[in-house]
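The values are calculated or read from the model by the stated rules, or taken from the named source; none is laboratory data. Only a predicted model underlies this, so the values are computations on that prediction, with no experimental measurement involved. A quick note on method: Cβ atoms are made from the backbone with ideal geometry, for glycine too, and the neighbour counts reach across all protein chains shown.
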């Protein structure tokens, strides 16, 4: 299966960590879209097939969400593909999950609550950080419109994916669910696959259960396959977050792990000192 990622010089350390998991599985081919020369050099170093998309990215005013939508449009013309954000860690091989709904054109992971108007209507949102387009050409028309809308309207690919799908979404089955929240915004999480039909784009869509592709890391279960943690920056150090949640890849050394602990302690101490200095004095 072709797996597509988007990278820049700012996320190469995350890419290196993501790659540790990805390389454990043999069923996938990786294609990286690079927006700068540092990304190109990284791909050359690790022998990763890449496309230099820096010119297109510049034409998009260096907006990653527009460039993501552009990639979806281009790749969906000729390929079935997986798209994965680099903080969506493949802690297990997702092959069986992706093959479980062969009738679906797109299998989306579940987001949290953005965009809010879609969550308010449906009780959930589709996440653009991990999804699988199962059939060649099936989603071409849809992603063409996602790109045009992202380019000319709201500059966010996930906003437009959800906004375009929600008004003609027919639910084909039911699933038990519970309710959770993030940033004081509630959303549903489902126990089983939810399947939909969107007649406008002639798309069969599946929503992967949250327990399998986990967005809120505090809800990790033994069934988690992809961990895409929305709380990843709470320590100011994504690697310390991975370490604390036991998802830092085993390839990272003991000394590396503890260097991240020290950096995080320094960060938290500085944050506490700054907060103390700016705290208003009482008379």
Looking only at residues that are closer than 21 Å to residue 1 by Cα and in contact (Cβ under 8 Å) with a residue 60 or more places away in the chain in segment 38-73, which one is surrounded by the most Cβ atoms within 10 Å (Cβ to Cβ)? 69
Can you tell which of 174, 141, 121 is part of a loop (DSSP other than H, G, I, E, B), surrounded by fewer than 18 Cβ atoms within 10 Å (Cβ to Cβ) and either touching a residue at least 12 places away in the same chain (Cβ under 8 Å) or over 14 Å from the mean Cα position of the chain (by Cα) (or both)? 174
Restricting to segment 182-195, name every residue that is surrounded by 16 or more Cβ atoms within 10 Å (Cβ to Cβ) and touching a helix residue (DSSP H, G or I) at 6+ places or on another chain (Cβ under 8 Å). 187, 189
Return only the number of the condition from (1) under 17 Å from residue 208 (Cα atoms); (2) at pLDDT 95 or above that residue 174 does not satisfy. (2)
Any idea which of 179, 149, 200 is closer than 19 Å to residue 118 by Cα and surrounded by fewer than 13 Cβ atoms within 10 Å (Cβ to Cβ)? 179
All but one of (1) part of a helix (DSSP H, G or I); (2) closer than 20 Å to residue 140 by Cα hold for residue 15; state the number of the condition that does not hold. (2)
On the given criteria, is residue 76 buried (at least 23 other Cβ atoms within 10 Å of the Cβ), touching a strand residue (DSSP E or B) at 6+ places or on another chain (Cβ under 9 Å) and either farther than 28 Å from residue 181 by Cα or modelled with pLDDT of 95 or more (or both)? yes
Please work out if residue 116 is in contact with a strand residue (DSSP E or B) (Cβ under 8 Å, 6 or more places away or on another chain), more than 17 Å from residue 198 (Cα to Cα), in contact (Cβ under 8 Å) with a residue 12 or more places away in the chain and surrounded by fewer than 16 Cβ atoms within 10 Å (Cβ to Cβ). yes
Can you pull out every residue in segment 234-258 that is surrounded by 14 or more Cβ atoms within 10 Å (Cβ to Cβ) and either assigned to a helix (DSSP H, G or I) or at pLDDT below 70 (or both)? 238, 239, 240, 241, 242, 243, 244, 257
The residue that is surrounded by the fewest Cβ atoms within 10 Å (Cβ to Cβ), considering only those in segment 160-171 that are within 19 Å of the chain's Cα centre (by Cα) and closer than 15 Å to residue 123 by Cα, is 163
Go through (1) in contact with a strand residue (DSSP E or B) (Cβ under 6 Å, 6 or more places away or on another chain); (2) surrounded by fewer than 23 Cβ atoms within 10 Å (Cβ to Cβ) for residue 87 and report which single condition fails. (1)
Within segment 25-37, track down each residue that is in contact with a helix residue (DSSP H, G or I) (Cβ under 9 Å, 6 or more places away or on another chain) and either modelled with pLDDT under 95 or surrounded by 14 or more Cβ atoms within 10 Å (Cβ to Cβ) (or both). 25, 27, 28, 30, 31, 32, 33, 34, 35, 36
